[in-house]
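Undergrad: Can you keep this structure in mind? I'll have questions shortly.
The values are calculated or read from the model by the stated rules, or taken from the named source; none is laboratory data. If you're wondering where the values come from, they're calculated on a predicted model, not measured in any experiment. Glycine gets a Cβ as well: all are built from the backbone with ideal geometry, and neighbour counts include every protein chain shown. Keep in mind that these areas ignore ligands, DNA and RNA; they rest on the heavy atoms of the full protein, side chains included. Shrake-Rupley method; radii C 1.70, N 1.55, O 1.52, S 1.80 Å.
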Amino acid sequence: RTTMKSLRFISAEAFVSNAEFARKNLGAVAHDLFPLLFKASYLLEQGEVIHDLVENWPLSDFNVGKLLEATVDYQEDLSHRTCSVCLESCLTGLRDYVLNQSSPYMKKLKVVDLTGIKDVEVQFCKCKKTMGRWARTQLLSKLCSELLVYLQQAQCNPGTFEISISVLIDLFVTERNYELVVQALLKKCSCPLKICCVAFRSDNLTLQKFFYIIKLTDPSLLRKLEIVHNVHLEMEHLEILFSSIHFPLLMSLTLPARTFNVRSFTATDEQMLSNIGEEMGEMTQLTELSMSFSILTGRIQKLLSPLKTPLKTLDVSNCSLNHADMAYLANSFHANHLEVLDLSGHDIPELYPSTFFKLLSHCSSVLRSLTLEDCNIQDTHVNMLILGLSPCQKLQEFKFIGNPLSSQALKHLFTFLSELPMLKNVEFPVPRDCYPTGITYPIDDASLCRFDRQKYERVAEELNLILLQANREDVKASTPLFGSYDAAVQETNNELGAYLIKSLKETLEKFTTSFNKMS
């Protein structure tokens with residue numbers, strides 16, 4: 001697929017394609033052409049030219065997402081290219097912008113925005129080397145610290161210390177880059193490059209370190225908070241977090257697995273849950289909430305009813321919801337606003353079919369993404385499912401892996417799905433008839449891959465043919481057996497794996513010690 005380029009863009013590509021020539025002649029380029037040259041350099045992966053463009057940036061803001069998005073001159077959006085060569089050149093160019101000894105009065109740059117960069121699974125850059133969110137966090141923190149050391153040691157123009165540039169970034173902090181990020185945040189006041197954390201994700205951190213660094217990020221500016229893997233945050237810690245720190249701009253909150261477990265609730269716990277609900281109610285911007293793999297049976301109303309703003313995204317997968325929870329969701333003011341909904345891990349046809357379809361009908365006019373993995377949807381439920389999904393004309397994504405559906409039922413469902421005008425992504429299960437007879441659902445990890453590959457490939461081909469015959473080549477259909485792509489996990493999987501092995505080792509050692517004492 002070729003994207004049309006304007007004559008201006010073709011000229012910009014020609015100019016930057018010879019790096020030596022471009023760098024030598026940047027001084028003669030009109031200021032309003034810098035954005036055009038930046039996108040052309042990014043497309044051609046001209047790292048040296050990108051560096052020099054940023055080092056001499058003549059405008060007051062430098063917004064990477066905006067610079068790379070579809071423009072009149074070149075309609076391809078490059079913001080999903082997290083090319084290591086290009087992004088490293090951007091950041092080192094930014095450091096050198098501060099150090100460049102030209103008169104500080106020439107320097108207009110006030111805001112750098114790195115938040116528009118999108119981390120995706122397939123990269124189209126030639127170098128094939130990506131710089132993910134974790135690496136961007138690491139490099140920016142390192143450059144800020146190095147910049148301060150240099151400024152303290154070198155004889156710099158006094159005006160250099162008056163430079164103040166806000167760098168908006170989505171920070172991703174783990175044990176491995178924690179110290180570096182803490183140092184950069186602690187010295188923020190003295191550094192010309194001021195890290196402004198707009199979104200914060202933390203994995204593999206002790207609670208003590210998490211609480212310390214979250215206060216350093218300036219929570220009053222935070223719009224997105226993700227506490228995901230190996231941060232052992234439980235309900236009492238969450239109550240302390242919300243009562244001691246205020247997040248007035250928070251729009252999106254992701255909590256780790258097992259934050260809540262209502263099965264062992266006391267009266268004190270009930271009060272704590274109410275307090276957390278009230279604190280979340282004070283977050284008037286909150287529209288996205290993810291709290292998967294917690295046990296929330298019968299408590300959804302207590303948690304969500306204090307919210308003053310309707311939720312647009314709700315992930316309550318594997319939360320052991322009962323009929324009362326589903327009835328609350330279906331009748332709540334959130335229902336008409338839900339654009340992204342994940343109810344995976346609930347036996348919907350058995351437990352609350354009519355209430356679920358009521359919820360679906362309420363959100364049908366806005367729903368963009370629906371995930372119903374491991375929901376015990378069988379062949380006999382497909383017609384009802386089609387009926388429920390028919391009004392969802394804005395649906396872009398439907399994920400339903402892990403359901404016991406036959407090849408025939410999937411073909412029937414795909415014929416319907418091909419008619420949804422905005423659908424772009426479908427994640428479907430391995431058909432039941434590809435597994436040995438007698439397989440039980442949900443399928444355990446050991447049996448997950450024991451299916452007839454050839455038969456699966458034939459069925460997948462037939463499903464894609466249904467899409468093709470309906471002129472829906474734009475729909476991507478796949479079966480990610482071990483879950484959808486997660487850029488953050490992909491980038492830090494070595495650290496995550498090492499952490500899990502360490503945790504397992506410690507657990508086994510404790511068990512052995514206890515066993516020996518008993519003996």
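Undergrad: Taking the range 113-162 on its own, how many of its residues are part of a loop (DSSP other than H, G, I, E, B), of a type in the set (S, T, N, Q) and closer than 30 Å to LYS39 by Cβ? Spell out the reasoning first.
TA: Our first condition is that a residue be part of a loop (DSSP other than H, G, I, E, B); within the range 113-162, this holds for 114-129, 131-132, 154-157.
Narrowing the set further to residues that are of a type in the set (S, T, N, Q) leaves 115, 123, 155, 157.
Filter again for closer than 30 Å to LYS39 by Cβ, leaving 115, 123.
Qualifying residue count, the range 113-162: 2.
Undergrad: A further question on this structure: Of the conditions (1) in contact with a Lys or Arg (Cβ under 7 Å, 6 or more places away or on another chain); (2) in contact (Cβ under 8 Å) with a residue 60 or more places away in the chain, PHE9 clears all except one; give me its number.
TA: PHE9 satisfies all of (1) in contact with a Lys or Arg (Cβ under 7 Å, 6 or more places away or on another chain); (2) in contact (Cβ under 8 Å) with a residue 60 or more places away in the chain except (1).
Undergrad: Moving on. Please list, ordered by first then second residue, the pairs with beta carbon atoms under 7 Å, 6 or more apart or interchain, first in the range 193-205 and more than 11 Å from ARG223 (Cα to Cα), second among the aromatic types (Phe, Trp, Tyr) and surrounded by fewer than 22 Cβ atoms within 10 Å (Cβ to Cβ).
TA: That search, which allows pairs on different chains as well, returns SER202/PHE210; ASN204/TYR499; LEU205/TYR178.
Undergrad: What tally of residues in the range 393-423 results from selecting those that are farther than 17 Å from CYS375 by Cα, of a type outside the set (Lys, Arg), in contact with an Asp or Glu (Cβ under 9 Å, 6 or more places away or on another chain) and part of a loop (DSSP other than H, G, I, E, B)?
TA: Residues that pass the stated criteria total 1.
Results for (1) under 22 Å from THR259 (Cβ atoms); (2) surrounded by 18 or more Cβ atoms within 10 Å (Cβ to Cβ); (3) charged (D, E, K, R), shown as yes or no for each residue.
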position: HIS323; (1), (2), (3): no, no, no
position: SER332; (1), (2), (3): yes, yes, no
position: ASN336; (1), (2), (3): no, no, no
position: LEU341; (1), (2), (3): yes, yes, no
position: THR355; (1), (2), (3): no, yes, no
position: LEU367; (1), (2), (3): no, yes, no
position: ILE377; (1), (2), (3): no, yes, no
position: HIS381; (1), (2), (3): no, yes, no
position: CYS392; (1), (2), (3): no, yes, no
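Undergrad: Then there is this: Which numbered condition in (1) under 24 Å from LEU193 (Cα atoms); (2) among the aliphatic types (A, V, I, L, M); (3) surrounded by 22 or more Cβ atoms within 10 Å (Cβ to Cβ) is the only one that MET106 fails?
TA: Unmet condition: (3).
Undergrad: Quickly run through the range 114-137 and pick out the residues that are touching a residue at least 12 places away in the same chain (Cβ under 8 Å) and charged (D, E, K, R). Walk me through it before giving the result.
TA: The initial filter retains those residues of the range 114-137 that are touching a residue at least 12 places away in the same chain (Cβ under 8 Å), namely 114-121, 123-127, 129-137.
Scanning the range 114-137 gives LYS118, ASP119, GLU121, LYS126, LYS129, ARG133, ARG136.
The rows are residues; the columns are (1) in contact (Cβ under 8 Å) with a residue 60 or more places away in the chain; (2) open to solvent by less than 50 Å² (accessible area, probe 1.4 Å); (3) in contact with a Leu (Cβ under 8 Å, 6 or more places away or on another chain).
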| site | (1), (2), (3) |
| --- | --- |
| LEU420 | no, yes, yes |
| LEU423 | no, yes, yes |
| GLU427 | no, yes, no |
| CYS434 | no, yes, no |
| GLY438 | no, no, no |
| ALA446 | no, no, no |
| ALA460 | no, yes, no |
| ALA470 | no, yes, no |
| THR479 | yes, yes, no |
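Undergrad: If I filter the range 144-154 down to residues being more than 12 Å from LEU99 (Cβ to Cβ) and under 33 Å from the mean Cα position of the chain (by Cα), which single residue comes out as surrounded by the most Cβ atoms within 10 Å (Cβ to Cβ)?
TA: My answer is CYS144.
Undergrad: Just need a number here: residues in the range 125-153 that are under 14 Å from LEU91 (Cβ atoms) and touching a Lys or Arg at 6+ places or on another chain (Cβ under 8 Å).
TA: Final tally of qualifying residues: 6.
Undergrad: Is the range 325-340 home to any residue that is among the charged types (D, E, K, R) and out of contact with any Lys or Arg (no Cβ under 9 Å at 6 or more places or on another chain)?
TA: At the first step, the residues of the range 325-340 found to be among the charged types (D, E, K, R) are 325, 339.
Keeping just the survivors that are out of contact with any Lys or Arg (no Cβ under 9 Å at 6 or more places or on another chain) gives none.
No, the range 325-340 contains no residue that is among the charged types (D, E, K, R) and out of contact with any Lys or Arg (no Cβ under 9 Å at 6 or more places or on another chain).
Undergrad: For the range 1-93, please list each of the helices (runs of 4 or more DSSP H) lying entirely inside it that holds at least 2 residues being under 30 Å from GLU491 (Cα atoms) and open to solvent by 10 Å² or more (accessible area, probe 1.4 Å). So that I can check it myself, show each step before the final result.
TA: Values: elements: 7-17, 19-25, 34-43, 47-55, 64-68.
Per the criteria, 34-43, 47-55, 64-68.
Undergrad: While we're here: Taking the conditions exactly as written (of a type in the set (S, T, N, Q), touching a strand residue (DSSP E or B) at 6+ places or on another chain (Cβ under 6 Å) and more than 22 Å from HIS362 (Cα to Cα)), does SER264 satisfy them or not?
TA: Numbers: of a type in the set (S, T, N, Q): yes; touching a strand residue (DSSP E or B) at 6+ places or on another chain (Cβ under 6 Å): no; more than 22 Å from HIS362 (Cα to Cα): yes.
So SER264 fails the test.
Undergrad: Yes or no: SER190 part of a loop (DSSP other than H, G, I, E, B) and of a type in the set (Gly, Ala, Ser)?
TA: Details: part of a loop (DSSP other than H, G, I, E, B): yes; of a type in the set (Gly, Ala, Ser): yes.
In short, yes.
Undergrad: Please go through the range 401-456 and pick out each residue that is touching a Gly at 6+ places or on another chain (Cβ under 8 Å) and of a type in the set (Phe, Trp, Tyr). Give the steps one after another, and end with the answer.
TA: Here is the first cut: in the range 401-456, the residues touching a Gly at 6+ places or on another chain (Cβ under 8 Å) are 429, 441-443.
The one that is touching a Gly at 6+ places or on another chain (Cβ under 8 Å) and of a type in the set (Phe, Trp, Tyr): TYR441.
Undergrad: Right, another one. Just to be sure I understand, how many residues within the range 193-231 are out of contact with any strand residue (DSSP E or B) (no Cβ under 6 Å at 6 or more places or on another chain), open to solvent by 20 Å² or more (accessible area, probe 1.4 Å) and either part of a loop (DSSP other than H, G, I, E, B) or of a type in the set (D, E, K, R) (or both)?
TA: Residues flagged as out of contact with any strand residue (DSSP E or B) (no Cβ under 6 Å at 6 or more places or on another chain), open to solvent by 20 Å² or more (accessible area, probe 1.4 Å) and either part of a loop (DSSP other than H, G, I, E, B) or of a type in the set (D, E, K, R) (or both) within the range 193-231 amount to 7.
Yes/no matrix, rows are residues, columns are (1) within 26 Å of the chain's Cα centre (by Cα); (2) open to solvent by less than 80 Å² (accessible area, probe 1.4 Å); (3) closer than 19 Å to VAL64 by Cβ; (4) at pLDDT below 95:
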{"position": "LEU139", "(1), (2), (3), (4)": "yes, yes, yes, no"}
{"position": "LYS142", "(1), (2), (3), (4)": "yes, no, yes, no"}
{"position": "CYS156", "(1), (2), (3), (4)": "no, yes, no, yes"}
{"position": "PHE161", "(1), (2), (3), (4)": "no, no, no, yes"}
{"position": "LEU168", "(1), (2), (3), (4)": "yes, yes, yes, no"}
{"position": "LEU171", "(1), (2), (3), (4)": "yes, yes, yes, no"}
{"position": "TYR178", "(1), (2), (3), (4)": "yes, yes, no, no"}
{"position": "GLN183", "(1), (2), (3), (4)": "yes, yes, no, no"}
{"position": "CYS189", "(1), (2), (3), (4)": "no, no, no, yes"}
